[in-house]
1. Using the basic label-point model (7 angstrom from Cα toward the beta carbon), what is the ARG118 to LYS411 distance in nanometres?
2. Taking a ≥ b ≥ c as the square roots of the eigenvalues of the Cα gyration tensor of region 81-181, is the shape rounded (a/c under 1.5), prolate (a/b larger than b/c) or oblate?
3. Within 10 Å of each residue's Cβ, count the other Cβ atoms and sort ASP416, ASP273 from fewest upward.
4. Can you sort SER270, SER296 so the residue with the fewest Cβ neighbours within 10 Å comes first?
5. Is the C-alpha gyration tensor of the chain telling us rounded, prolate or oblate? Criteria: a/c under 1.5 is rounded; beyond that, a/b larger than b/c is prolate, otherwise oblate.
6. Rounded to the nearest Å, what's the spacing between the alpha carbon centres of region 213-263 and region 434-454? Just the number, please.
7. To the nearest Å, what is the center-to-center distance of region 289-321 and region 103-128, using C-alpha atoms only?
8. Would you mind ranking LEU217, LEU170 so that the residue whose beta carbon has the fewest other beta carbons within 10 Å leads the list?
Amino acid sequence: MSDMRVRFAPSPTGFLHVGGARTALFNWLLARKQGGTFILRIEDTDVERSTQASIDAILQAMEWLGLNWDEGPFYQTDNFDLYRGYVQKLLEAGKAYKCYCTAGELEAKREQAMKEGRKPKYDGTCRERDDYLADRPFVVRFRAPQAGEVAFDDLIKGRIAFPAEELDDLIIQRSDGTPTYNFCVVIDDAIMKITTVIRGDDHVNNTPRQIQLYEALGFPVPKFAHVPMILGDDKARLSKRHGATSVMAYRDMGFLPEALINYLVRLGWSHGDDEIFSREEMIRKFDINNVGRSASVFNTDKLLWLNAHYIKNGDPAQLAGLLAPHLAKRGIDPQCGPEVAAVVRTLQERAQTLEEMAERAAFYFKAPESYDEAALAKFDKEHLRAVFDAVAGRLETATAATAAEIDALFKEICADKGWKMGQVGQPVRIALSGGSQAPGIGEIVVTLGIGETVKRIARARETVAA
């Protein structure tokens with residue numbers, strides 16, 4: 001195992017969204033490729049907004065995607081005493097100070113700075129004071145270096161530099177004694193020995209402040225890679241108005257984890273013109289240096305295409321297990337009907353999602369209560385009766401056991417009666433499924449069984465051909 005250590009550190013204030021999932025995936029792939037360690041850390045310092053439901057949803061999404069972690073999950077709220085200890089070290093070293101400015105005073109300073117065309121950063125009022133006031137609340141600010149620049153070589157974006165004068169004295173501990181996000185991240189990454197930080201590029205502006213804290217505390221500075229954001233098809237940042245963004249919402253819509261993972265890895269990363277990757281191929285080919293600098297556009301049609309590929313080539317038994325909840329949503333008990341894997345085999349060639357497959361599979365478990373009248377209108381009742389009688393009669397004495405043998409039997413009926421296949425297949429398909437869009441006749445009959453097939457044909461004869 002290499003000494004590479006990476007982490008995914010979501011905030012449990014909501015569900016795991018596709019942007020976060022892609023960040024987790026890139027970290028996971030880098031760790032797996034280089035034999036490193038992938039750590040899961042829950043950044044729950046926002047106590048008011050963090051919820052157990054969100055934590056559970058994040059863990060469930062990670063498990064569904066197959067992004068297994070090697071260490072964790074760790075929770076920042078377990079480390080508050082540790083963070084306070086490091087705050088005290090900075091105070092004692094003169095690298096941090098207590099600030100007694102009130103919220104009202106800070107707002108007035110901000111408004112004045114903006115009025116004068118200055119950047120609204122903290123003006124350092126308490127930076128040099130030594131008259132600590134025991135009876136007044138205070139925050140602790142980091143005494144940021146004011147000269148030079150803070151620069152780093154981003155693995156994706158290249159060299160990035162910030163003038164130190166633009167970075168104000170960051171609050172590292174609130175007046176209630178709780179540590180702030182940027183400070184906790186630095187301590188956690190240091191004690192967890194994180195070597196590479198891969199995260200969204202909305203964190204770029206946090207990086208120089210964090211680098212200053214690493215250096216002030218004497219910690220090694222990790223490498224950074226900031227992944228460009230994901231946009232909707234209108235080129236705006238991906239949000240709820242573009243449709244589902246939560247990972248588990250895609251599961252509920254019938255997407256497979258393999259398809260979503262395959263799609264996410266191609267959002268910003270490429271390997272030639274390759275589109276479809278097994279998990280093993282992703283691990284072998286992934287290179288953080290091949291992640292693009294531009295934002296990626298989320299394309300649902302492309303995701304649907306990938307999902308259809310994985311359904312079409314999936315193991316029917318495995319797909320059957322994934323299909324079961326989608327059937328249950330429709331009030332279908334998978335135990336009451338044909339073997340689900342057999343049903344899957346008849347539908348996986350054309351289904352784009354498991355939701356679509358469940359919709360099309362319903363007739364296997366529930367005999368149709370109505371029929372496609374528009375499709376049946378193409379045939380007169382005398383023809384329908386003749387077709388239903390001929391097919392039922394042949395099936396009752398048939399020894400055919402495969403779809404191909406059933407199809408051959410239908411061809412024999414057509415030859416005997418002088419009918420075209422459409423004149424027989426379409427009425428029988430409607431009798432069995434209720435509609436004209438269904439798998440091949442042979443597949444349906446074999447999956448339903450001869451007995452159920454004959455029963456449904458008889459009911460259709462009584463209902464639509466009487």
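1. Result: 8.9 nm between the two label points.
2. Numbers: a/c = 2.03, a/b = 1.23, b/c = 1.66.
The shape class here is oblate.
3. Working: ASP416 10, ASP273 5.
If I rank by nearby Cβ atoms, fewest first, I get ASP273, ASP416.
4. Details: SER270 14, SER296 20.
Ranking SER270, SER296 by Cβ neighbours within 10 Å, fewest first, gives SER270, SER296.
5. Values: a/c = 3.41, a/b = 3.02, b/c = 1.13.
It comes out prolate by the Cα gyration axes.
6. Distance between centres, Cα-based: 44 Å.
7. 49 Å
8. Values: LEU217 16, LEU170 20.
Fewest-to-most ranking of LEU217, LEU170: LEU217, LEU170.
Every read-out reported here was derived from the displayed coordinates using simple, explicitly stated rules and does not represent laboratory data. Note that the coordinates shown come from a computational prediction; the quantities given were computed from them, not determined experimentally. When we count neighbours, we look across all protein chains shown, and the Cβ atoms used for this are built from the backbone with ideal geometry, even at glycine.
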